[in-house]
Every structure is written in structure tokens, then in C-alpha cells.
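A quick write-up on the structure given underneath.
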């Protein structure tokens, strides 16, 4: 058996175990909620709650940006480039929601891990807020599992979404840090120039 066959065998066995093996009415409601929580626009709206506190307003721009990068730029573009059927088409599958695009990667998982990673990056030094990173990682994992449970994604779609989300947040975090450092350098240079002008000191 080739490595591709082994991966597909694991994919299908894990999908069947979660999609059919965990089935119950309570689990339906539980994972329906987490699939809803994984929608990018829902995450964006919830993110706006950070605007109500002066200490967390700075979170909004990087989180919204990473949702857009992970959900639109990476996940949706990848779905167009990588043709992969959904497990929903399996004879025994009972998908709990409609779908439009190809399967890989999971967009819900991608944006969820992007948000969680970004929150981890911007709060891990804050003793009062650093719980948000681990908390949202757990929520992101539940979002990913919900996509398998609801019959619309393979486990490897979810793993791909995890990597896409983490990568997106790392890139966006670097971009924001880069531009922040450039802004500080420009402000410092302008301040030094203003000081020399006011004191009459010659420029070097």
C-alpha cells in the first residue's frame, strides 16, 4: 500500500468514526454551534467586542486581517486550485449542511486557528489576557472536529486548515510588527529633526 493509500485509509476511517460513531442528537447541536462559530463573518463580528476596552482595541485590526488572509486569500484560493471531493459524497455519509466548493482545506478551521494563533501571539505576555490563546486554540480544535462530524470535511482537510490558519497569523503578525517598527523609526527620526531645528543644532 502506497503512502497516499495509507493516508486515504486513515482519512476515511477517522471520518467514519467521528461522523457516524459519535452521532447523537446532543452532539448534533453541540457541533452545529461550533461550526457556526467557525464562520469568518461570525468571528469578525465577535472580534468587534474588543473595541469596548481601550486595552484590547489594538487586537481588532490584526485579527480581522488574519481572518481575511486565512479565509479568503488562502483557504478559498486553495479550494479552487486543489480539486478534492467532499466526504459528503460517500454513500454512507449524512452531511448536515450544504456546501459549494471543493474540500481542501477547511475554511472554518483555517480562520479559527488564525484567530486563535493571533490572540496567542498578542496576549501571551499579558498575565491577565494570556488565557485567551489556549482557550481559543481549544475552541478552534472543536470547530475543526465539527467539520468532520457534520460530514463536510475529511480529517486531512482540517489538518490543512490548521496549518493555513497558523501560517496566516504568523505572516500577518510579522507584517503588523514590521510596519509598527517602521512607524516608530519614522516618528523618532522626525522628533530628532524637530529637536535639532528648535535648538539650532546642525544636522549630521
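When you go through 8, 15 one by one, which is the residue that is within 22 Å of residue 92 (Cβ to Cβ), at pLDDT below 95 and either out of contact with any strand residue (DSSP E or B) (no Cβ under 6 Å at 6 or more places or on another chain) or not in a helix (DSSP H, G or I) (or both)?
8
Taking region 91-106, which residues are without any contact (Cβ under 8 Å) to a residue 40 or more places away in the chain and either surrounded by 12 or more Cβ atoms within 10 Å (Cβ to Cβ) or not in a loop (DSSP other than H, G, I, E, B) (or both)? Passing the criteria: 101, 102.
Pairs linking a residue in region 126-155 that is on the phi > 0 side of the Ramachandran plot and modelled with pLDDT of 95 or more to a residue that is surrounded by 17 or more Cβ atoms within 10 Å (Cβ to Cβ) and part of a helix (DSSP H, G or I), with Cβ atoms under 7 Å and 6 or more positions apart or on different chains, are 151/19; 151/87; 151/88. Going residue by residue through region 75-85, is there one that turns out to be closer than 15 Å to residue 147 by Cα and not in a helix (DSSP H, G or I)? Yes - at least one qualifying residue is present in region 75-85.
Of the candidates 115, 60, the single residue that is surrounded by 21 or more Cβ atoms within 10 Å (Cβ to Cβ), assigned to a helix (DSSP H, G or I), at pLDDT 95 or above and touching a helix residue (DSSP H, G or I) at 6+ places or on another chain (Cβ under 6 Å) is 115.
Here the condition is being assigned to a helix (DSSP H, G or I), under 23 Å from the mean Cα position of the chain (by Cα) and either closer than 20 Å to residue 143 by Cβ or at pLDDT below 95 (or both); of 26, 49, it holds for 49 alone.
The values are calculated or read from the model by the stated rules, or taken from the named source; none is laboratory data. This structure is a prediction, so every number in the text was calculated from the model and none was measured. Cβ: placed from backbone, ideal geometry, glycine included. Neighbour counts: every protein chain shown.
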